[in-house]
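Below is one structure; the comments refer to it alone.
The values are calculated or read from the model by the stated rules, or taken from the named source; none is laboratory data. Remember, predicted model here, so these are calculated numbers, not experimental data. Cβ atoms come from the backbone with ideal geometry, glycine included; neighbour counts cover every protein chain shown. Accessible surface areas use protein heavy atoms only, side chains included; no ligands, DNA or RNA. Shrake-Rupley method; radii C 1.70, N 1.55, O 1.52, S 1.80 Å.
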Amino acid sequence: MKIVEEYTSKNRKSMQAYEKAKTLLPAGNTRSALYWQPFPLCMRRGEGSHIWDVDENERIDLNFNNTTLILGHNHPKVVAAASKQLINGTVLGAATETEPRLAEEILGRLGADKMRFTPSGTEANMQALRVARAYTGRPLIAKCLGAYHGSWDAVPMTPGSLGVPEAVEASTLYFPYNDAEAAQTLIRRRRLELAAVIVEPTMRDMTPKPGFLEAVREVTEENDVPLVFDEVISFRVSHGGAQGLYGVKPDITTMGKIIGGGFPVGAYTSKAGLMSPLEAPEVELPQVSSPALGFSGTFNAHPLAMAAGLAVLKEMKPPAYEKIAKTGDEVRSGLKKALEEEGVKAHVGGVASLFSVSWTDKEVYDHQSSQSADRVLFNVFNLGMMNRGVFILGHPNVSAVTKKKDVEHVLDAARETVREMKPLIGDRAPHLLA
Ligand code: PMP
């Protein structure tokens, strides 16, 4: 296929890098999401809204490390904050002054009382759900089918995932995203066993149907089950995250990505009471005390992540979120227009700075409906975009430094790619041609 041939010829050094790396690393690198066919790109540097690979191809970045870099690559203020910390030491083996400053910034935005930092969103969810189990004394977790809350045993995207012991599997219950009735029925039925319900307020490119988040909030509150919002991605959709955008408050919020300024990070917040198992009781010397539930981690609240994250959040005032959402609107409406004018039916989803194209003519609102999307067309579209100077993967997004001319380039590239793909669409999915 011409798109694949062009991709291969433009990315010779990436291909060689992959051939070598796959002899050393399963699938050629350490993040499963960064493998795609025929081979993934090997990147060398980024600046602002652009990224360069080892073949020196320059592309507009629409990945930003899977939604992390809300200020783009190497923002001067982030570089300055991280450099200052780097000169003062990487990790100091003790609390730093930056950690509570970042906490204050985040807690103020969410109206929460306390928080803990972790090195990843995965660990934020691991700890948050353990805290919920410790606090409630209950064993089960309910989550949405197909939702990703990190790579660990208790929250597989779907039941029957490889390597999860039956005993662990039995402690996870599922309901479809956007199905308020199913959520209510499940939560009411299992309320005495449920330690927490975890939901992404906006699940990848799927946005909540009116009333869904409200219904989940109401039924969890009525039944005294802590509600966790996984805002690892969605914290970027407004100054107060998706909960600010949709006006629904959870009991616990987990996050990551943007709050570390490009360094490894995760965090969870809640009202003070829920965090009580983590508090160290204050006692008079010579007594010693320790919290009921202890969590440690050599790289938790990494000083570089705290410094860089604080620099990002100080820069991202409410108008900056409005601007980036407007850029997102332009991309979504431009993509819809290009598809329509080319006579191709596909679903353009997302909210604020997040967007995506799903190759289906169905409405996409939960795991099952998202399965109707053609994955080959998804991959080929991305390759065609990469051939035209746009780096796009599974969680497309724009950042505060995405410029008007970047958007114009992206939309031209999308139109040309869709046009080029039409014979393939005709072969694979003729129902998508108008
Ligand atoms: N939750 C959600 C909603 C995510 O999208 C991700 C990662 N993409 C995670 C949790 C895990 O975060 P991390 O990759 O930092 O471990």
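Identify the residue in region 224-252 that is within 16 Å of the ligand (Cβ to nearest atom), part of a helix (DSSP H, G or I) and open to solvent by 10 Å² or more (accessible area, probe 1.4 Å) and, among all such residues, is nearest to I141 (Cα to Cα).
Step by step, filter region 224-252, then rank; the result is Y246.
So which pairs qualify, if the first residue must be in region 148-160 and assigned by TED's automatic domain parsing to the domain that holds L194 and over 16 Å from A196 (Cβ atoms), the second must be within 9 Å of the ligand (Cβ to nearest atom) and open to solvent by 80 Å² or more (accessible area, probe 1.4 Å), the Cβ gap must be under 9 Å, and the two must be at least 6 apart or on different chains?
If the second residue must be within 9 Å of the ligand (Cβ to nearest atom) and open to solvent by 80 Å² or more (accessible area, probe 1.4 Å), the pairs left are M157/Y148.
Taking region 394-434 as the region of interest, how many residues are open to solvent by less than 10 Å² (accessible area, probe 1.4 Å), assigned to a loop (DSSP other than H, G, I, E, B) and either without any contact (Cβ under 8 Å) to a residue 40 or more places away in the chain or hydrophobic (A, V, I, L, M, F, W, C) (or both)?
Count: 2.
So how many residues does region 284-305 have that are in a helix (DSSP H, G or I) and more than 19 Å from the chain's Cα centre (by Cα)?
Here is the first cut: in region 284-305, the ones in a helix (DSSP H, G or I) are 303-305.
Still in the running and more than 19 Å from the chain's Cα centre (by Cα): 303-304.
Here the count works out to 2.
Looking only at region 40-91, count every residue that is touching a strand residue (DSSP E or B) at 6+ places or on another chain (Cβ under 8 Å), among the β-branched types (V, I, T) and open to solvent by 60 Å² or more (accessible area, probe 1.4 Å) and tell me the total.
0
Which condition does M255 not pass, out of (1) open to solvent by less than 70 Å² (accessible area, probe 1.4 Å); (2) part of a loop (DSSP other than H, G, I, E, B); (3) closer than 23 Å to Y148 by Cα, if it passes all the others?
Of (1) open to solvent by less than 70 Å² (accessible area, probe 1.4 Å); (2) part of a loop (DSSP other than H, G, I, E, B); (3) closer than 23 Å to Y148 by Cα, only one is false for M255: (2).
Return the pairs, sorted by first residue and then second, in which the second residue is of a type in the set (S, T, Y) and assigned to a loop (DSSP other than H, G, I, E, B), the first residue lies in region 24-39 and is surrounded by 12 or more Cβ atoms within 10 Å (Cβ to Cβ), the beta carbons are less than 9 Å apart, and the residues are 6+ apart or on different chains.
Final answer for the pair search is A27/Y35; G28/Y35; N29/Y35.
Among the residues of region 326-368, how many are outside any loop (DSSP other than H, G, I, E, B), out of contact with any strand residue (DSSP E or B) (no Cβ under 6 Å at 6 or more places or on another chain) and open to solvent by less than 20 Å² (accessible area, probe 1.4 Å)?
Taking region 326-368 and keeping what is outside any loop (DSSP other than H, G, I, E, B), we get 326-341, 344, 347-349, 354, 356-358, 367-368.
Checking the rest, the ones that are also out of contact with any strand residue (DSSP E or B) (no Cβ under 6 Å at 6 or more places or on another chain) come to 326-331, 333-334, 337-341, 344, 367-368.
Keeping just the survivors that are open to solvent by less than 20 Å² (accessible area, probe 1.4 Å) gives 327-328, 331, 334, 338-339, 344.
Adding up the residues that qualify gives 7.
Have a look at L129, L140 and point out the one that is open to solvent by less than 40 Å² (accessible area, probe 1.4 Å) and away from the ligand (no atom under 14 Å from the Cβ). Steps first, answer last, please.
Values: L129 fails: away from the ligand (no atom under 14 Å from the Cβ).
Exactly one of L129, L140 is open to solvent by less than 40 Å² (accessible area, probe 1.4 Å) and away from the ligand (no atom under 14 Å from the Cβ), namely L140.
This table checks each residue for (1) open to solvent by 70 Å² or more (accessible area, probe 1.4 Å); (2) within 24 Å of the chain's Cα centre (by Cα); (3) basic (K, R).
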| position | (1), (2), (3) |
| --- | --- |
| L162 | yes, yes, no |
| P176 | no, yes, no |
| A182 | no, no, no |
| R188 | yes, no, yes |
| L192 | yes, no, no |
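List, please: which pairs have Cβ atoms under 6 Å, are six or more places apart or on different chains, and start with a residue in region 124-140 that is assigned by TED's automatic domain parsing to the domain that holds T253 and end with one that is within 16 Å of the ligand (Cβ to nearest atom) and assigned to a loop (DSSP other than H, G, I, E, B)?
Short answer, once both residue conditions are applied: N125/H149; N125/G150; M126/W152; Q127/F295.
Looking only at region 30-69, how many residues end up being away from the ligand (no atom under 16 Å from the Cβ), assigned to a loop (DSSP other than H, G, I, E, B) and β-branched (V, I, T)?
Residues that pass the stated criteria total 1.
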